[in-house]
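What follows is one structure encoded as structure tokens, with my remarks underneath.
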Amino acid sequence: MARTAGRATAAKLGTKILSNDRVTIIGRTGQGKSKVAMWVLSQIKSPRKIILNSKPDKDLLVKWPNWVKSIKDVPPAGVTHVARFLKFPDGIKGWDDVLGLWRHGNMVFYFDELPNHANASQWSGHLQQIYQTGRSVGVGAVACAQRPVNVPNFTLSEADHIFIGYTQLKSDREKLEGATGVQWDILRELPPYHFGYYCQRAGMTEPIILPPVPLV
Ligand SMILES: Nc1ncnc2c1ncn2[C@@H]1O[C@H](COP(=O)(O)OP(=O)(O)O)[C@@H](O)[C@H]1O
Ligand SMILES: [Mg+2]
């Protein structure tokens, strides 16, 4: 099993994160998912980034204070922070206008709390299209969730990059193993802010332990 020291760097991933990739980041509250997501977004060159904030996330509100409630027409260049605080399950339908923007192509969506948009059995058709056909139109997704059992299978099976924090529960590891085809035993021994990382495209046959990402 590969072990790495120091801080996570793009080189440690063994591959670039592209603007039309899907990135899934899993971990309990406080494990550092949002920090991983900010680092991932800083690596992605994309003309348009749409941050979907479905709970009043203090860090996002401070980092991007100029949030909007909706986007009219074509999304502008740069980062657009859309804040819309809908409790689950209202969020599954309540974001369809924003998710439908994927049809303009060339953008990255960031879901800070994917389970407010989807669960293991319910999701927006747009979300599925972002995961299944987004690549061909330059659309990527970065999504955070607390547990693998809480998300649609395609957000794991279609992910180009998976980051997962310390996970004790067997049911979570089993869902991951089913979706990725690799063993995730390392998740039982991860120190704080370390993540298990897997990318099939990089030729990996097992996940690696990724040290804490730099704070960006
Ligand atoms: N890579 C890191 N290096 C140092 N501290 C970190 C790192 N990641 C997270 N933290 C600390 O943990 C806190 C929670 O991280 P956050 O990304 O907000 O967690 P989550 O989104 O999983 O709830 C941060 O405010 C920060 O203090
Ligand atoms: Mg968070």
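Among 105, 181, 165, 196, which is the only one that is within 24 Å of residue 48 (Cβ to Cβ) and not aromatic (Phe, Trp, Tyr)?
Among 105, 181, 165, 196, only 105 is within 24 Å of residue 48 (Cβ to Cβ) and not aromatic (Phe, Trp, Tyr).
Considering 58, 72, which residue is free of Cβ contacts under 8 Å to residues at least 24 places away in the same chain and more than 16 Å from ligand 2 (Cβ to nearest atom)?
Testing whether each residue is free of Cβ contacts under 8 Å to residues at least 24 places away in the same chain and more than 16 Å from ligand 2 (Cβ to nearest atom) leaves just 72.
When the residues of the stretch 98-128 are filtered to those that are without any contact (Cβ under 8 Å) to a residue 60 or more places away in the chain, farther than 21 Å from residue 69 by Cβ and of a type in the set (S, T, N, Q), which remaining residue is nearest to ligand 2 (Cβ to nearest atom)?
119
Out of (1) in contact with a His (Cβ under 8 Å, 6 or more places away or on another chain); (2) part of a helix (DSSP H, G or I), the odd one out for residue 197 is which?
So the condition that residue 197 fails would be (2).
Looking only at the stretch 86-106, filter to residues that are at pLDDT 90 or above and outside any helix (DSSP H, G or I); which one of those is surrounded by the most Cβ atoms within 10 Å (Cβ to Cβ)?
Only one residue tops the list, namely 95.
With the structure loaded, tell me whether residue 139 is closer than 24 Å to residue 46 by Cβ, within 16 Å of ligand 1 (Cβ to nearest atom) and in contact with a helix residue (DSSP H, G or I) (Cβ under 6 Å, 6 or more places away or on another chain) or whether it fails that test.
Answer is no for this residue.
Checking the conditions here, which among 14, 6 is within 19 Å of the chain's Cα centre (by Cα) and on the phi > 0 side of the Ramachandran plot?
Criteria check complete, one pass: 14.
Residue by residue, here is whether (1) closer than 23 Å to residue 136 by Cβ; (2) within 16 Å of ligand 1 (Cβ to nearest atom); (3) of a type in the set (Asp, Glu) holds:
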| position | (1), (2), (3) |
| --- | --- |
| 22 | yes, no, no |
| 28 | no, yes, no |
| 41 | yes, yes, no |
| 44 | yes, no, no |
| 48 | yes, no, no |
| 56 | no, yes, no |
| 63 | no, yes, no |
| 66 | no, no, no |
| 71 | yes, no, no |
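Keeping to the stretch 172-194, report how many residues are part of a loop (DSSP other than H, G, I, E, B), away from ligand 2 (no atom under 16 Å from the Cβ) and in contact (Cβ under 8 Å) with a residue 40 or more places away in the chain.
Here the count works out to 0.
Can we say residue 147 is basic (Lys, Arg), within 16 Å of ligand 2 (Cβ to nearest atom) and surrounded by 15 or more Cβ atoms within 10 Å (Cβ to Cβ)?
yes
The values are calculated or read from the model by the stated rules, or taken from the named source; none is laboratory data. Every value quoted in this text rests on a predicted model; they were computed, and no experiment measured them. Using ideal geometry, Cβ is built from the backbone for each residue, glycine included, and neighbour counts are taken over all protein chains shown.
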